[in-house]
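Chemist: My structure is below; once you've seen it, I'll send some questions.
Read-outs: derived from the displayed coordinates by stated rules, not from any lab. Quantities reported herein were computed from a predicted structural model and do not represent experimental measurements. Heads up, the Cβs are rebuilt from the backbone with ideal geometry, glycines too, and the neighbour counts pull from every protein chain shown.
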Amino acid sequence: MVHPIYVSMTTMDIEAKSGSMEVTIRMFTDDLETVLHNKYNVHSWIGTSSEHHDSRRLLSEYVNERFTVVVNNDEKVNLATDSVSIVGDMLWFYMRGVARQAIQRVEIGNRLLTDFFSTQTNLMIIGTCRDEMDSSHKLDRFNYKVDLLL
């Protein structure tokens, strides 16, 4: 399916005291197929009976390279892949991570798909246990880091 826009939606839930975070990224499956083919020379066919045996490992490698989290100005958080699922034409990618200390500040780098699609837009919704309200941020390839005081 060809679509006229290139967009991803990321939801990030942060528990500042414990340092834990959960990330859910939704992207068009065909965009990821294009990226994995062009970057790794693999037809991944994620979610099909023909799925390449390295597809999920390569997908995790790509996401961890292009989506980064730094807390308290110096600690890069290791985000582990929790699961991957396909719903319709969207791929849902779930990750979890824990900082070594309570989180006071978080910087998010979201450069997903911007290396292959010049009009890619990455939207984010960030929720923290300190607020009753979530904050929403539009990240494009020219402004892909957000610094939040939690």
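Chemist: Once you have the Cα-Cα distance between N72 and D89, take 0.36 nm times their residue separation minus that, and quote the gain in nm to one decimal. Numbers along the way, then the final one.
Modeler: Details: separation 17, 0.36 × 17 = 6.12 nm, distance 3.63 nm.
Net length gain for the segment: 2.5 nm.
Chemist: Another question about this same structure. Taking each pair of distinct Cα atoms in the stretch 1-90 once, what is the resulting Kirkwood hydrodynamic radius in Å?
Modeler: Taking every pair of different Cα atoms in the stretch 1-90, averaging 1/r and inverting gives 14.6 Å.
Chemist: Classify the stretch 7-149 as rounded, prolate or oblate from the Cα gyration tensor: take a ≥ b ≥ c as the square roots of its eigenvalues, call it rounded if a/c is under 1.5, otherwise prolate when a/b beats b/c and oblate if not.
Modeler: Prolate is the answer for the stretch 7-149, as a/c is 1.5 or above and a/b outweighs b/c.
Chemist: From the backbone phi of the stretch 71-78, what are the Karplus-calculated ³J(HN,Hα) couplings (6.51 cos²θ - 1.76 cosθ + 1.60, θ = phi - 60°) in whole Hz, Gly and Pro given as x?
Modeler: Using θ = phi - 60°, the values come out as 10, 6, 6, 8, 9, 7, 7, 7 Hz.
Chemist: What are the ³J(HN,Hα) values, in whole Hz, obtained from phi via the Karplus relation 6.51 cos²θ - 1.76 cosθ + 1.60 with θ = phi - 60°, for each residue of the stretch 107-117 in sequence order, with x given for Gly and Pro?
Modeler: Per residue, the Karplus-derived 3J(HN,Hα) values read 10, 10, x, 10, 10, 4, 6, 5, 6, 10, 10 Hz.
Chemist: R0 = 30 Å: FRET efficiency of F116 with D13, Cβ-based, nearest 0.05?
Modeler: 0.60
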